[in-house]
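Undergrad: Before I ask anything, let me first share the structure, which is written out below as structure tokens.
Throughout, read-outs are computed from the coordinates displayed, never taken from laboratory work. This one's a predicted model, so the numbers in the text were calculated from it and none came from an experiment. Positions of Cβ are backbone-derived with ideal geometry, glycine not excepted, and every protein chain shown enters the neighbour counts.
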Amino acid sequence: MPNHAEVYKNQAISYDDMINRQPNLAEHIKEIRSYQGLHVLDLGAGSGRLSSFIAPEASSLVCTDISESMLKRLDEKLMHNSSNHNWSTVVADHRKLPINDSSIDLAVSGWSISYLTNTDNLDWENNLEFIMSELKRVLKSSGTIIILETLGTGTETPDPPEFLKPYFSLLENKYGFSHRSIRADYQFASTAEAKKNMEFFFGSDISKKIEEHQWSTVPECAGIWWKHLGG
């Protein structure tokens, strides 16, 4: 499996091009809570998968990530596409956010918290506790948390990796999150393009699967977890 930290550091543009092949997820977020006029935190914003559609409607947007390269890519995109510079980018760890108490209406996080909370990480439970505490601290009493994570790349139905199942279970059973699944398939012009654009991040297994099925559309199942702090 490729080293994702190295990808985020050195291949931000290639990564951004890959995730841009997925559908716009704005309506899935809005079904849970509209972000229009809100103060929003994008935790682990990366190259702007969620920030790109949130920024034009939010009152303010704070984008945090551990990768400076990814945030640089996000800044470039938002500068090009937005006439209102209502966002800021901050290199930060999820467990220690440089954000004021009770200042955020909506916290979103896409495909990011899992890096600290999968069972390959010996401190995964403590990490999740720290992250939840930080989110609760920065959110207003009426705030909302929305988390998106993978339920399987290259699968037609939800089939989450074993190392993520305990994390998902705690979200639902300890922290009180609601949950549903969606499809977030990658759309490419051809099988060859799909292999080229996905192997660098997902490795040779997905490349073999794409070749076997002759996929130009690579299935991706995702989960959405959400919690309204106010009840």
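Undergrad: Where does the charge balance sit around LEU229 when Lys and Arg score +1, Asp and Glu -1, over other residues with C-beta under 12 Å from its C-beta? Please report the intermediate quantities before stating the final value.
TA: On the way: positive: ARG33, LYS136, ARG137, LYS140, LYS227; negative: ASP105.
So the environment of LEU229 carries a net charge of +4.
Undergrad: Sticking with this structure for a sec: State the answer as a single residue: which of PRO56, HIS213, PHE202 lies farthest towards the positive end of the charge dipole of the chain, with beta carbon charges of +1 for Lys and Arg and -1 for Asp and Glu, about the Cα centre.
TA: With unit charges placed on the Cβ atoms, the residue in question is PRO56.
Undergrad: For a quick check: sort VAL218, VAL91 by the number of other beta carbons within 10 angstrom, fewest at the front. Intermediate results must be reported in sequence, preceding the final value.
TA: Working: VAL218 24, VAL91 12.
Starting with the residue having the fewest Cβ neighbours, the order is VAL91, VAL218.
Undergrad: Considering only Cα-Cα distances, which of the following residue pairs are longer than 19 Å: LYS96/LYS174; LYS96/LYS136; LYS30/LYS165; LYS96/LYS165; LYS136/LYS227?
TA: On the way: LYS96/LYS174 21 Å; LYS96/LYS136 12 Å; LYS30/LYS165 26 Å; LYS96/LYS165 24 Å; LYS136/LYS227 11 Å.
Among LYS96/LYS174; LYS96/LYS136; LYS30/LYS165; LYS96/LYS165; LYS136/LYS227, the Cα-Cα distance tops 19 Å for LYS96/LYS174; LYS30/LYS165; LYS96/LYS165.
Undergrad: Calculate the dipole size of the chain relative to its Cα centre from +1 charges on Lys and Arg beta carbons and -1 charges on Asp and Glu beta carbons; express the result in debye to the nearest 20. The partial results should precede the final answer.
TA: Values: 22 positive and 31 negative charges, 98 e Å.
Dipole of the chain, to the nearest 20 debye: 460 debye.
Undergrad: Sticking with this structure for a sec: Straight-line reach only, C-alpha to C-alpha below 13 angstrom: list the aspartates and glutamates that LYS77 could link to, leaving out same-chain residues fewer than 8 apart.
TA: ASP16, ASP17
Undergrad: What do you get for the angle between helix 68-81 and the principal long axis of the chain? Use alpha-carbon atoms, 0 to 90 degrees, nearest ten.
TA: Orientation of helix 68-81: about 80 degrees from the principal axis.
Undergrad: Would you mind working out the magnitude of the charge dipole of the range 97-206 relative to its Cα centre, with +1 at each Lys and Arg C-beta and -1 at each Asp and Glu C-beta, to the nearest 20 Debye? Intermediate values should be presented prior to the final figure.
TA: Details: 9 positive and 16 negative charges, 70 e Å.
For the range 97-206, the charge dipole is close to 340 debye.
Undergrad: For the range 33-56 and the range 99-173, what is the separation of their C-alpha centers, rounded to whole Å?
TA: Distance between centres, Cα-based: 16 Å.
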